[in-house]
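Let me begin by presenting the structure, written as structure tokens, before commenting on it.
A short reminder: the numbers here are calculations on the coordinates, not readings from a lab. Note that this is a predicted model, so its numbers are computed, not measured. Note that each Cβ is placed from the backbone with ideal geometry, even for glycine, and that neighbours are counted across all protein chains shown.
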Amino acid sequence: MSNETTIHAGAAVKPFVKHHLIPQMIFFTLGFPKGSFISIDVTDQCNLRCEHCYFFEQEQEGTLDAEGWESRIKDLKKKSPFLYNCTWVGGEPLLSKAIIEKCKKYFTSNFVVTNGTMPLPDWPDVRFHVSIDGNEAAHEKMRRQKGLYQLMKKNCSREDLHVTGAMCVTSMNVDTIEEVIHEWHSTTHLKGIMFDFYTPIQGLSDDLWIGWERRDQTLDLLKNLKKKYGNFIAMEDRVIELMKSKNSKKVTSNCLFEKKGRSMTTKGTVKEKCMLGPKADCDRCGCVVPYYLHYRVEKPTIVQETWNELKKRTSLLLKNEL
Ligand code: SF4
Ligand code: SF4
């Protein structure tokens, strides 16, 4: 190995140890550090009033401005030095772009969940999740407005940004899953779609809940469709398995979203339970987050991820591309 290659290899090993190996060892031994991720309801405003919205079922208590959020986030980071990830929700978070613009620098990773009705800001460092509620007819019925679907496709098909779809499966759209995957896969620049199930919320209609049998069938369908669409279905097989009726309770009765994260109200106070709020029915939780977090701290996942990362980096190093 030449001296130059030795130096190059040394420089490549450091980020691997710092950004991958050390965090994975912490996950392996301690799990997620408490307070390492938060969700922020950045605004109490939304330009829509969807059929299934949990947000407007919650008490709203006023909002913080950009300076208020900056100081709140600094406080949180003092209490939780491992805080690295923020999911910006609402309301429609892009109605309060200035707050996200000012505060996203405090996190290593930022997700913005949007209804896609506004052009996406040019933020290549952020991951956007656009809500897709089924095919055009189902989406516009759920969202109670005509013309939204094509507008959302236009705004969110951005090759220069990282945009993923998020489909919340309900009794109104469950029959359109394959059509949605095919359409967005073949006509847009979306990186993939992940799937949630409607979580019953006290005070909202239970009609949108599809029942356990249908949920298990849908999860099998997604597993099968992965054979055709690969990672465009942005869910690991293990996460799909964990969401099934036989495994769900073990995940939700020890929900890592609730235990290790914080969900902040528009006023910067901590919400009970999770971003879905205190009225969510945990036993029928369909949110993908607790299942994904559970998967991330399972030991076989950590070993596999570390091995994959090591293989990827070694191959790049050998090609002199790292
Ligand atoms: S777009 Fe989101 S926040 Fe707005 S009403 Fe619909 S579900 Fe609620
Ligand atoms: S609704 Fe789901 S994500 Fe929220 S606290 Fe309950 S189990 Fe966790």
(message) Could you identify which residue out of Ser39, Ser186, Ser80 has the top mean-square fluctuation in a GNM of the chain using Cα springs shorter than 10 Å?
(response) Ser186
(message) Over 22 Å between Cα atoms: which of Lys146/Lys244; Lys79/Lys259; Lys146/Lys271; Lys104/Lys267 fall into that group?
(response) Lys146/Lys244; Lys146/Lys271
(message) At 18 angstrom or more along the helix axis (alpha-carbon based) and mean Kyte-Doolittle of -0.5 or higher, what helices does the chain contain? Whole DSSP H runs only.
(response) 3-15
(request) Could you compute the FRET efficiency for Asp281 and Glu321, with r as their C-beta to C-beta distance and R0 at 51 Å, rounded to 0.05? (result) 0.60
(request) In a Gaussian network model over the chain where Cα atoms closer than 10 Å are linked, find which of Trp307, Trp123, Trp212 has the largest mean-square fluctuation. (result) Trp307
(message) Apply the a/c threshold of 1.5 to the C-alpha gyration tensor of region 229-276 and tell me whether it is rounded, prolate or oblate.
(response) oblate
(message) Quick check: residue separation of Asp207 and Phe82 times 0.36 nm, minus the Cα distance between them. What number comes out in nm?
(response) 41.0 nm
(message) Can you give me the distance in nm between label points at Trp307 and Glu159, each placed 7 Å from the Cα along the Cα-to-Cβ direction?
(response) 3.7 nm
(request) Place a +1 charge on the Cβ of each Lys and Arg in the chain and a -1 charge on the Cβ of each Asp and Glu, then give the dipole magnitude about the Cα centre in debye, rounded to the nearest 20. (result) 1080 debye
(request) Find the relative contact order for the chain and round it to a whole percent, using C-alpha pairs within less than 8 Å whose residues are 6+ positions apart. (result) 20 percent
(request) Evaluate the distance, in nm, between pseudo-label points positioned 7 Å from the Cα of Thr314 and of Lys299 along their respective Cα→Cβ axes. (result) 2.3 nm
(request) Calculate one ³J(HN,Hα) per residue across region 105-115 by plugging θ = phi - 60° into the Karplus curve 6.51 cos²θ - 1.76 cosθ + 1.60, and present them in order as whole Hz with x for glycine and proline. (result) 5, 7, 10, 6, 9, 10, 10, 10, 9, 10, 8
(message) For the pair Glu272/Asp237, report the inter-label distance in nm, with labels modelled 7 Å from Cα in the Cβ direction.
(response) 4.1 nm
(message) Looking at the chain as a GNM with Cα springs under 10 Å, which of Pro121, Pro278, Pro15 has the largest mean-square fluctuation?
(response) Pro15
(message) Could you tell me how far the Cα centroid of region 65-103 sits from the Cα centroid of region 275-322, in Å?
(response) 23 Å
(request) Compute the Cα gyration tensor for region 34-318, then decide on rounded, prolate or oblate, letting a ≥ b ≥ c be the square roots of its eigenvalues: rounded whenever a/c is under 1.5, prolate when a/b is larger than b/c in the other cases, and oblate in all that remain. (result) rounded
(message) I need to check one value: relative contact order of region 116-187, counting alpha carbon pairs closer than 8 Å and at least 6 residues apart, in percent.
(response) 44 percent
(request) Under a cut-off of 18 Å between alpha-carbon atoms, report the aspartates and glutamates in cross-link reach of Lys227, not counting same-chain residues fewer than 8 places apart. (result) Glu178, Glu179, Glu183, Asp216, Glu236, Asp237, Glu241
(request) Compute the separation of the alpha-carbon centres of region 172-212 and region 237-271 and state it in Å as a whole number. (result) 19 Å
